[in-house]
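The values are calculated or read from the model by the stated rules, or taken from the named source; none is laboratory data. For clarity, every value in this text was computed on a predicted model and none was experimentally measured. All Cβ positions, even for glycine, are placed from backbone atoms using ideal geometry, and neighbour counts span all protein chains on display.
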Amino acid sequence: MKLKSLLLILSSTLMFFTHAQILKRKHANGIMYQPLSASINLEKSYSGEGGILIDSVLSNSTSEKGGIKKGDILVEINGIRIMDEKTFLSTPLTELKEGDEIEYKIWRNNKYISTKTISKARPRNSIEGIIYEYGEIKTSFGYLRTLLSKPSKSKGKLPAILFIQGNLCESVIELNEGDPYEQFCNKMSLQGFAVMRIDKPGAGESEGKITRCKEMTFQQELEQYQTGITALLNDVSIDSKNVFLFGHSLGGIITPILASKNPVIKGAMVYGTLSSNYGSYYPEIVYRSLLMNGYGEAQSLQYKNYLKEITTDLFEGNKSPQQIISTKPQYESLLRQVLGWNEKDNTILYRSLVFNRELNEVNPRLYWEKVNCPVLSIYGTSDFEAIDKEYATAMINWINPKFSSKSTSIILPDTDHAFARVGTMEEGVKIKRSEKYREIMRTNFNQSLIQNVSDWISTL
């Protein structure tokens, strides 16, 4: 199946500031708490079923408005008994929105108290110099939450970057301050850019026919970002002649497709991407991983060949995992443990088989050759997922010679897939398996990435 042409369908796109918002912000209680224990129950003279102890209440939060105080035992929300933390992460409480009525039942001073209030949304991380605008786009499969971060002291129309994330399905909007994506978008806004992020279906506050990102096709993911481009071009605060794309990982495959179909794009940037089709890429990654973890060359190569056979059957032969296992049962463990086959969802590598098959059909080179703007390709020398710098920067040699003088590749020493400084690739692989990695991602963000991107854009 050939990739279909992406159309700018203005009539189906909801623009910023020109319509009533469909998506509401999700409710947030604004509390810190701990599970109950026998000693807490004794101290509070509480013998009820379930409940949690309130450790603190955030200022100006839903709970503060509702009169919740430190030391209270929260028993129910809207009649739902709070048994443990999982209660907060399950429906119907996860479906509460900003503006909904909230009724709390608490245990305080040896008696039950009920109190009502109106729900407030989770506040954004406050970054000096940045303003955040929550919006939405309408696609054929639903409404998707967007976030536009802007420099607060800017004047006139802003240059803009559409940030195109990688393969995973988590929200790119509701992030903690140290998340690599959060840092990149914020730091680029502080450089003077409006930066748009878009949540996928089922992530954050997005709603629609597709309720989970795992159900998306690759074509629908392309539509998502095409609609984002359209929204930026029609935003009155954006300089439509200075719109850029930045694709990370999988987003680096989407970027040339969009740049080849949208001549208005001023520049295309990618980080940690690949230049071959997906079915060839993943066995190569596993092969390298085995070598770095002490496996011999012969054994590593054997696993690579096995995986290549499996991905070929899955993506090109349109075989199901069950069909593969029926003739080669020895491949079941590889399907489950290496390719992450989830039999219940029928997903491979966190995404649907349809998604993976459509993605596998993409030959990135064919799109890089059609890109209508200068290109910046960035590779971190410790970026295990990007294979190596020769592959990661190959697209510079493929683009239209018309743009070659303003196109370039940049190598960031000791930098991994998450924009963090981790030392050599071997050191990075070890660190990524350690408990320290989350903190390293937060504290070791490579600021050179921001400076290089900003400097390159200034030359266009």
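Any residue at all in the range 404-413 that is small (Gly, Ala, Ser), in contact with a strand residue (DSSP E or B) (Cβ under 6 Å, 6 or more places away or on another chain) and crowded, with 16+ Cβ neighbours inside 10 Å?
Yes - at least one qualifying residue is present in the range 404-413.
Checking the condition in contact with a Gly (Cβ under 9 Å, 6 or more places away or on another chain) and among the hydrophobic types (A, V, I, L, M, F, W, C), which residue from Ile257, Ile253 passes? First the steps, then the outcome.
Numbers: Ile257 fails: in contact with a Gly (Cβ under 9 Å, 6 or more places away or on another chain).
None of the others qualify; the one that does is Ile253.
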*Taking interchain pairs and intrachain pairs at least six residues apart, which have beta carbon atoms under 6 angstrom, with the first residue in the range 106-132 and without any contact (Cβ under 8 Å) to a residue 24 or more places away in the chain and the second of a type outside the set (A, V, I, L, M, F, W, C) and in a strand (DSSP E or B)?*
Ser114/Lys105; Arg124/Tyr132; Ile131/Lys150; Tyr132/Ser149
*Would you check which residues across the range 54-90 are over 17 Å from Ser119 (Cβ atoms), of a type in the set (Lys, Arg) and in contact (Cβ under 8 Å) with a residue 12 or more places away in the chain and list them?*
Lys69, Lys70, Arg81
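From the list Glu136, Glu182, Glu174, exactly one residue is charged (D, E, K, R) and either touching a Cys at 6+ places or on another chain (Cβ under 6 Å) or part of a loop (DSSP other than H, G, I, E, B) (or both). Which is it? Before you say what the answer is, go through the steps one by one.
Numbers: Glu136 fails: either touching a Cys at 6+ places or on another chain (Cβ under 6 Å) or part of a loop (DSSP other than H, G, I, E, B) (or both); Glu182 fails: either touching a Cys at 6+ places or on another chain (Cβ under 6 Å) or part of a loop (DSSP other than H, G, I, E, B) (or both).
After applying the criteria, what remains is Glu174.
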*Since Lys370 meets every condition but one in (1) without any contact (Cβ under 8 Å) to a residue 60 or more places away in the chain; (2) more than 24 Å from Ala418 (Cα to Cα), which condition does it not meet?*
(1)
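May I ask you to list the residues in the range 210-257 that are in a strand (DSSP E or B) and over 19 Å from Leu147 (Cα atoms)? Steps first, answer last, please.
Filtering the range 210-257 for residues in a strand (DSSP E or B) gives 238-248.
Result: Lys241, single match.
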*Answer yes if at least one residue in the range 363-378 is buried (at least 19 other Cβ atoms within 10 Å of the Cβ), touching a Lys or Arg at 6+ places or on another chain (Cβ under 6 Å), modelled with pLDDT under 95 and within 21 Å of Glu221 (Cα to Cα), and no otherwise.*
no
*Among the candidates Thr87, Thr115, Thr91, which residue alone is over 29 Å from Ala194 (Cα atoms), β-branched (Val, Ile, Thr), surrounded by 13 or more Cβ atoms within 10 Å (Cβ to Cβ) and modelled with pLDDT under 90?*
Thr87
*Search the range 298-321 for residues being more than 30 Å from the chain's Cα centre (by Cα) and without any contact (Cβ under 8 Å) to a residue 12 or more places away in the chain, and hand back the single one that is nearest to Arg357 (Cα to Cα).*
Gln302
_Quick check on Gly228: is it closer than 27 Å to Asp345 by Cα and either surrounded by fewer than 20 Cβ atoms within 10 Å (Cβ to Cβ) or in contact with a strand residue (DSSP E or B) (Cβ under 6 Å, 6 or more places away or on another chain) (or both)?_
no
